[in-house]
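To keep things clear, I will list the structure first and then write my remarks on it.
The values are calculated or read from the model by the stated rules, or taken from the named source; none is laboratory data. If you're wondering where the values come from, they're calculated on a predicted model, not measured in any experiment. Virtual Cβ from ideal backbone geometry, glycine too; neighbours counted across all protein chains shown.
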Amino acid sequence: MKYPLSALARLAVVGLAALTLPSRVLANAAPNAPTLTGPANSQITVFNSYVVTATDPDGDNVQYSVDWGDGSTSVTDFTASGTSLTLAHHWTAVGIYQVSAAAKDTLGNVSAATVLTVNVYTPVPTTVQVTASSPIHVRTSTSVNSSQYDQYGVLIYYSNLMVPVVFSLVSGGGTVTQSPPWSATYSAPAKTTTAVVRGCLQGGSGACANATIVVTH
């Protein structure tokens, strides 16, 4: 014979069922993708500052990791959610670098990465140095008479081979033949000549220098 459960017994059964039901566990979320700000153009070997910031939905402390794209990485200590940290970096080679930043919370959850493209360049020179192999020796020909001779040219160049140079004759006779981008040849008009050749950087920097060439017999 089945006996109906009393009200107290029914409450006990319900309570026992409630105790045995699995409880819902809320997942801990990863930090939001960080913001990464700083110069998108940098001179080679010059340090620049980059600021990284991230927040964690659960309020956990966060740690920042920045991959500079050149094989090096910076990792910070844990700091409060939403704190901005400044990191300094320089590159030792010209190129385009993909700088990637991510945030991690204290439970190991990692955010999506934020990428900043940085162009690392060599600055245009502001000075120029022009030199010449001087003196130029003119060889006398004996096949016809002593007044005939062969003209030897001279290579003129500048010290920084990054920007093309335009050469011109300032004074003295002879001719200057351009050999792009960084040299020219001077041809003497006579056995004894003094000439001044000028070299100027292209690109509007205004840097120029002169070379004095002495031709002797």
In region 37-55, is there at least one residue being out of contact with any strand residue (DSSP E or B) (no Cβ under 7 Å at 6 or more places or on another chain), surrounded by fewer than 19 Cβ atoms within 10 Å (Cβ to Cβ) and in contact (Cβ under 8 Å) with a residue 40 or more places away in the chain?
yes
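Residue check: is T194 modelled with pLDDT of 70 or more and over 16 Å from P164 (Cβ atoms)?
On the way: modelled with pLDDT of 70 or more: yes; over 16 Å from P164 (Cβ atoms): yes.
Answer is yes for this residue.
Being in a loop (DSSP other than H, G, I, E, B), closer than 16 Å to A33 by Cα and hydrophobic (A, V, I, L, M, F, W, C) is the filter here; which residues of region 79-106 pass it? First the steps, then the outcome.
Here is the first cut: in region 79-106, the ones in a loop (DSSP other than H, G, I, E, B) are 80-83, 90-94, 106.
Going one step further and asking which of them are closer than 16 Å to A33 by Cα, we end up with 80-83, 106.
Of everything in region 79-106, just one residue is in a loop (DSSP other than H, G, I, E, B), closer than 16 Å to A33 by Cα and hydrophobic (A, V, I, L, M, F, W, C), namely A80.
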Test result for S72, at pLDDT 95 or above, of a type outside the set (F, W, Y) and either surrounded by 13 or more Cβ atoms within 10 Å (Cβ to Cβ) or touching a Phe, Trp or Tyr at 6+ places or on another chain (Cβ under 8 Å) (or both):
no
Across region 34-74, what is the total count of residues that are over 14 Å from S111 (Cα atoms) and aliphatic (A, V, I, L, M)?
4
